[in-house]
Amino acid sequence: MYKHHHEAGPGRASLYDEITTKIISELEAGRLPWVQPWGTAAAKAPLAMPTNAVTGRQYSGINVLILWGAAIEHGFSAQSWLTFRQALALGGNVRKGEHGTTVVYADRFTPEDEKRRARETGEEAAAIPFLKRFTVFNAAQCENLPAEIAAAAPPPPPDLIEPRVEALIRATGIDFRIGGNRAFYAPGPDFVMVPPPQAYFEPINWHRTALHEVGHASGHSSRLNRDLTGAFGTKKYAFEELIAEMNAAFCCASLGIVPTVRHADYIGSWLEVLREDNRAIVRAASQASKAADWILGFLQRDGGSASAVAQQAA
């Protein structure tokens, strides 16, 4: 069982608490932080994964949720982000009066007492995970940036989406079956079952469901080796559903898919997990990014598509 606990050291636990509290407030309001209103008047930014404007690397894990939320809240028209110094290095600047968005970087450290204990007992020293924070600004908050950075990238043509998803699922090698009247992943025999697209009121929603279930399959022992032993109704089961749901959102954003389907049935159990463990959402988002990276890594690098395997961008 995961237990809520605080770490020693100034500011470390408060950052976990700060992130978790914000996610909890969104869930309590019935909003899923990984499901944004892309393609509506409320979202000016195009559907995409948030990217560092200088390095071109996609943000990952909890930072995706943080930056998506900031883009929607402030009405930014771009999914590109950069630090104050990066804006200056490009010959631009952050506009006066603009406020940045805090993103995080996960790291580990080993206290001196733990090192001493390990030397005395001959055991391995245990490192303590913690978060570092830094501030980024949306490209829309800056001026005098190069034109190619300031411009918002157009969304991919919709007629390319379905063939790419079909080819991507096939490339993973997962036993993917279409049929029945419910979507699920069976860990024992290791196969995915998803109803046909015609079973969905809006067929585009089939893709998110398919990627959700493929996300579960990515955790098989022969792949990313996550713990899939949680029984329905348990916190372990809810945690895995959280991973699969965010993974589907990350994959859809990378592929330019804007489905309307929502997996909101688990909000109550997700709230229970997050209230008990202030690191749970950060861990789940990290695992979701790893699942999305694994799946999207099978994209062909020709024909204008590229692997969306992404590392955290500073």
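The values are calculated or read from the model by the stated rules, or taken from the named source; none is laboratory data. Every value quoted in this text rests on a predicted model; they were computed, and no experiment measured them. Cβ coordinates were reconstructed from backbone atoms using ideal geometry, including for glycine residues, and neighbour counts include every protein chain displayed.
So which residues in segment 170-206 are touching a helix residue (DSSP H, G or I) at 6+ places or on another chain (Cβ under 9 Å), of a type outside the set (A, V, I, L, M) and closer than 19 Å to Ala249 by Cα?
Answer for segment 170-206, where residues must be touching a helix residue (DSSP H, G or I) at 6+ places or on another chain (Cβ under 9 Å), of a type outside the set (A, V, I, L, M) and closer than 19 Å to Ala249 by Cα: Thr172, Phe184, Tyr185, Pro197, Tyr200, Pro203, Asn205, Trp206.
Return yes or no: is Val136 surrounded by 15 or more Cβ atoms within 10 Å (Cβ to Cβ), part of a strand (DSSP E or B) and either modelled with pLDDT of 80 or more or not polar (S, T, N, Q) (or both)?
On the way: surrounded by 15 or more Cβ atoms within 10 Å (Cβ to Cβ): yes; part of a strand (DSSP E or B): yes; either modelled with pLDDT of 80 or more or not polar (S, T, N, Q) (or both): yes.
The answer is yes for Val136.
State all residues of segment 182-218 that are within 19 Å of Pro259 (Cα to Cα) and part of a loop (DSSP other than H, G, I, E, B); if no residue qualifies, say none.
Matches in segment 182-218: Arg182, Ala183, Pro195, Pro196, Tyr200, Phe201, Glu202, Pro203, Ile204.
Just name the residue that is nearest to Arg208 (Cα to Cα) out of those in segment 51-71 that are in contact with a strand residue (DSSP E or B) (Cβ under 6 Å, 6 or more places away or on another chain) and assigned to a loop (DSSP other than H, G, I, E, B).
Result: Ala53.
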